[in-house]
Amino acid sequence: MGFLAQLLRPMPCHKMLGKMGGSLEHAVSLSVPNDELLKRLSGRRTCRDCGAMYHVIFDPPTNAGLCNKCNGELYQRDDDYEDIISSRLEVYEAQTLRCSTTIAVTACFSRWTVSGGATTCWRAFLSRVGISKS
Ligand SMILES: [Zn+2]
């Protein structure tokens, strides 16, 4: 099978939409700068006892290093260290490139860069698609 044929091979989302009588009409890829992702992910801390999650910048615990809910010790998971995050981002980019390229040639495709917290990103997304939320 040639490269272009492989690229245009139906993806699971195409099959699912086809079964529902629809088709993929538009796709949006939200992109967050890697330095912002590193900041978000490397600041996560998890409680050893109850699993509650915090962020050293965006959602710090009341007492540094201790869980607000159970007073358990907070730790940084192995996959939240910067070098591991960087490796995960490289794998993600390599594995999603083909998928986003396929969508780009088979549907109307938009690639948007977003930054800020989840609420800010969500509001920007709604605004871009023409939905206003009060
Ligand atoms: Zn806890």
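Bear in mind these aren't lab numbers, they're just calculated from the coordinates by the rules spelled out. Model, not experiment: these values are computed from the prediction. Cβ sites come from the backbone with ideal geometry, for glycine too, and all protein chains shown count toward neighbours.
Any idea how far apart Ser86 and Ser115 come out in nm if each label point goes 7 Å out from Cα toward Cβ?
1.9
Using modelled amide H (1.01 Å from N, peptide plane; none on Pro or chain starts), what sits under 5 Å from the amide H of Arg45, excluding residues fewer than 5 places away?
HN-HN under 5 Å from Arg45: Tyr54, His55, Val56.
Could you give each residue of the range 32-37 its phi-based ³J(HN,Hα) in whole Hz, using Karplus coefficients 6.51, -1.76, 1.60 with θ = phi - 60°, and x for Gly or Pro?
Values, residue by residue: 10, x, 4, 5, 6, 4 Hz.
Between Asp78 and Lys39, what is the spin-label point distance in nm, taking each point 7 Å from the Cα along the Cα→C-beta axis?
That separation, rounded to one decimal, is 2.9 nm.
In terms of modelled amide H atoms, which long-range or inter-chain residues lie less than 5 Å from the amide H of Ala27?
Here Cys108, Phe109, Ser110 satisfy the definition.
Could you run the Karplus curve 6.51 cos²θ - 1.76 cosθ + 1.60 with θ = phi - 60° over the range 84-90 and give me ³J(HN,Hα) per residue in whole Hz, x for Gly and Pro?
Computed from phi, the couplings for the range 84-90 are 5, 4, 4, 5, 5, 5, 5 Hz.
Taking amide H positions as placed 1.01 Å from N in the peptide plane, with prolines and chain starts having none, which residues 5 or more places from Val32, or on another chain, fall under 5 Å of its amide H?
So Val32 has HN proximity to Val114.
If the reach is capped at under 19 angstrom between alpha carbons, list the aspartates and glutamates near Lys15, excluding any in the same chain fewer than eight residues apart.
Reachable aspartates and glutamates: Glu25.
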